[in-house]
Structure formats: structure tokens, C-alpha cells
Amino acid sequence: MKVKAIGLDLAKNVFQVHGVDERERKLFNRQIKHAQLMEFFVKLPPCIVAMEACSSAHYWARKLSALGHTVRLIAPQHVKPYVKTNKNDAADAEAICEAVLRPNMKFVAAKSPEQQAIGALQAIRDGVMKARNATANRLRGLLMEFGVRIPKGVLQVRKHVPDVVEDASNELPAVLRVALFEEYEQFKALDARIAQVYKQIEQWHRTSAASQALEKVPGIGVLTATAMVAHAGDPDSFANGRQVSAWLGIVPRQNSSGGKTQLLGISKNGDSRLRTLLIHGARSVVTALKRKLAAGTDPRKLTSTEQWLVELLKRRNTNVVCVALANKNARTAWAILKHGRPYESGHVSLSPRARAALAAG
């Protein structure tokens, strides 16, 4: 029995495997328990093993690659069209096996343990921030019930809540003051946890040459640089910078037909955390540029990117300009990772033909 490809439907306890031969005819479609999965693939001759890029996929990709198998990870939305019947584990495994054999299928690069670790730190920080913000909003809402208004924002909560709790002139009951004090202590603990996780991310950033190179790009800081390395650290998985932008969802959606091109808003595909970081970083650059212009800075002293932004601001609104800069930064980050070169302000990319002509003199 010569197995050409296997579709592996991942799960917590019971996995589904669908195998086909060289003629792509079904050989088996059966369940395998978690404890028996490695034994199954150890006995199997090297073949193509396909999985959806979901939870635990990168772990199994590394394990199966070490056994000599060719592992392919596929985005779930690319597998769905191949599900022929109602959704179940057997149909999913068959669809994965069918998808991996298509010649134009796009695959996801497997992450290293380091990439997964920094991505996990980013996720932990996001979760703690959501809890911290929820606690701040809860404090504001409870105080509003007693006529005490605190402005929006974490900084305002830090500034006003201790004074409100200690102010004996307001109408807060004693039992509520104790509860609010404990809630505020929890808020401070979450604040400290966020700072602690950020410090861990920053320490990893200082050990990564690629992440430090990305930090030099205006609009990319420690968080964005580490997230880019964690989620797009393999530049060879993208043909060019535009594929990175499309993967992140910061290019327009299309609704084109009959030769008529219609561009809509950004697609918002891919990793939402990384896309958000890129756009917020771009917004900080645009805001700083506006301050420069308001202070009377000579436009001729601006960098090439800033001059481009000035011209763009004349005809488009600020949000569009921020997304455009985020798109540009994503492509620049890919080029830095791909070619291993430091960031150069004003760098002009040349096509292979132009580079050959320049080298010829």
C-alpha cells in the first residue's frame, strides 16, 4: 500500500486520517486516538501530510516533519470548498486531502517554537489588557450609579478612583467603598501584569536581530516587530510584499466582473492583532507629521515617506492614509526579512531587469 497523501483532521482526543494512493484513490479513512497517532506515522513511509492551520497544527507539523513526512498546512477557508457532504470528521479529513493535491493551493508556513512562544506572549498581553479595561469600565459604571462621573480612559481611572474612594463627602456606602478598593487593587494588579509581559516581549526582542531590524521602520515598534516575526517570520512563504499585505487584510476587497473593477474597503483577512498594530503605528506617524507641519517645519526637510504622506493627505482622509502607510510598512518589513538588509529611508527598489542594466553599466 503506497500512500501518496494523507488528510489529517486535528482534534483533542480522536484524530481522523484520510489516505489516498498515487492515483488519488481512497485507501482508508479512519479514526486514531491521540496516544496512537505518532505510532501510526512512524510506521508509515514518508508521504504528504496535510492539516488545517488551526490549534496544535504547528506542533504536529514539526513532529511529523522530523519523521520525514512532507507536511502542508492549509488555511481552513481554503479547505471548506472541498467538503462534499455535511460537516463531520471523515468529510473534513477527505476535504483536507483533496485540497493539498490541488496544484494552485496556498500553504501556511509552520512556525518554530520561538515564534509560537512570542505569539503566545502577545496573546497573553491582549487577554490581560481586555481584563484590565473591563475592570476599569466596571469601576466607572458602578461609580456612575452614585452620581460620580469619571472620564473615559485607563489613565483617568488611575487618577480619580483612589480619590473618590477616600472622599468622605460623597454618598458612597461604606460596604461599597471596600468593594471598590478591592476592585481597584485588582485593576492595579492587571496593570502590573501587562507591564511584566511587555518586559518579557521586549527581552526577546533584544535577542532577535530580525525584530530589531524591523523596529527601525517608522511606525513599527517593539510589539509590532515581534508580532511580525512571530506570525510572518518566514519571508519565503510569500512571493512578494503585496502577498503579505493581502494576507494581513490591508488591501481593498474586490467585487469585479465583466471587466469592471470595483474596489471596496480593506478585506481584514489574516491576523487581526498584527493588522491593528500596523495601523496604530502608522497613525502615530501621521499624527507626528501633522504636528510637524503645524509647527511650521519646512516640507523640503521631510523624509521621502513623509513627503508621500503629505501629498496623500491632500486628497484622502486620515484613516485611508494610515492604512496606506500600514500597507507600505508591511511590504517594507517583508523586504527586510527577505533580504536581510537594514531599513534605509528613501530606498528605491529596482526590478531584476533594471538591476541587470545598472550592473552592465
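The values are calculated or read from the model by the stated rules, or taken from the named source; none is laboratory data. Please read these numbers as outputs of a predicted model, since none were measured by experiment. Ideal geometry is used to build each Cβ from the backbone, glycine not excepted, and the neighbour counts take in all protein chains shown.
Anything in the stretch 79-126 that is more than 23 Å from R273 (Cβ to Cβ) and of a type in the set (K, R)? List them, or say none.
K80, K84, K87, R102
Only one residue in Q186, Q156, Q203 is free of Cβ contacts under 8 Å to residues at least 60 places away in the same chain and closer than 30 Å to K338 by Cβ. Which one? Write out each step before concluding.
Details: Q186 fails: closer than 30 Å to K338 by Cβ; Q156 fails: closer than 30 Å to K338 by Cβ.
Within the list Q186, Q156, Q203, the selection yields Q203.
Name every residue in the stretch 258-272 that is among the hydroxyl-bearing types (S, T, Y) and either surrounded by 11 or more Cβ atoms within 10 Å (Cβ to Cβ) or touching a His at 6+ places or on another chain (Cβ under 7 Å) (or both), in order of residue number.
S267, S272
Within the stretch 221-239, is there a residue that is touching a residue at least 12 places away in the same chain (Cβ under 8 Å) and in contact with a Lys or Arg (Cβ under 7 Å, 6 or more places away or on another chain)?
Scanning the stretch 221-239, I find at least one residue that is touching a residue at least 12 places away in the same chain (Cβ under 8 Å) and in contact with a Lys or Arg (Cβ under 7 Å, 6 or more places away or on another chain), so the answer is yes.
Restricted to the stretch 194-217, and to residues that are of a type in the set (S, T, Y) and closer than 19 Å to T276 by Cα, which residue is surrounded by the most Cβ atoms within 10 Å (Cβ to Cβ)?
S211
Can you work out which of the residues in the stretch 107-125 that are polar (S, T, N, Q) and surrounded by fewer than 19 Cβ atoms within 10 Å (Cβ to Cβ) is farthest from Y198 (Cα to Cα)?
Ranking the qualifying residues of the stretch 107-125, first place goes to S112.
Inside the stretch 139-177, can you point out the residues that are of a type in the set (A, V, I, L, M) and surrounded by 12 or more Cβ atoms within 10 Å (Cβ to Cβ)? Before the answer, list the steps.
Looking only at the stretch 139-177, we keep the residues that are of a type in the set (A, V, I, L, M), and these are 139, 142-144, 148, 150, 154-155, 157, 161, 164-165, 168, 172, 174-176.
Passing the criteria: L139, L142, L143, V148, I150, V154, V157, V161, V164, V165, L172, L176.
Within 20 Å of F107 (Cβ to Cβ) and out of contact with any Asp or Glu (no Cβ under 6 Å at 6 or more places or on another chain), is that true of I32?
No; evaluated as a whole, the condition is false for this residue.
Which one is surrounded by the fewest Cβ atoms within 10 Å (Cβ to Cβ) among residues in the stretch 218-237 that are farther than 10 Å from A330 by Cβ and of a type in the set (A, V, I, L, M, F, W, C)?
V222
Can you find, within the stretch 70-106, the residue that is nearest to D21 (Cα to Cα) among those that are polar (S, T, N, Q) and loosely packed, with under 13 Cβ neighbours inside 10 Å? Step through it out loud before you land on a result.
Just the residues of the stretch 70-106 that are polar (S, T, N, Q), to begin with: 70, 77, 85-86, 88, 104.
This time we only want the ones that are loosely packed, with under 13 Cβ neighbours inside 10 Å, so: 77, 85-86, 88, 104.
Numbers: Q77: 25, T85: 22, N86: 24, N88: 22, N104: 20 Å.
By that ranking, first place goes to N104.
Please find, among V42, V17, V3, the residue that is surrounded by 17 or more Cβ atoms within 10 Å (Cβ to Cβ) and either free of Cβ contacts under 8 Å to residues at least 60 places away in the same chain or not assigned by TED's automatic domain parsing to the domain that holds K63 (or both).
V3
Would you mind finding the one in L277, L302, L309, L337 that is farther than 23 Å from A53 by Cα, surrounded by 14 or more Cβ atoms within 10 Å (Cβ to Cβ) and out of contact with any Lys or Arg (no Cβ under 8 Å at 6 or more places or on another chain)?
Unique residue meeting the criteria: L309.
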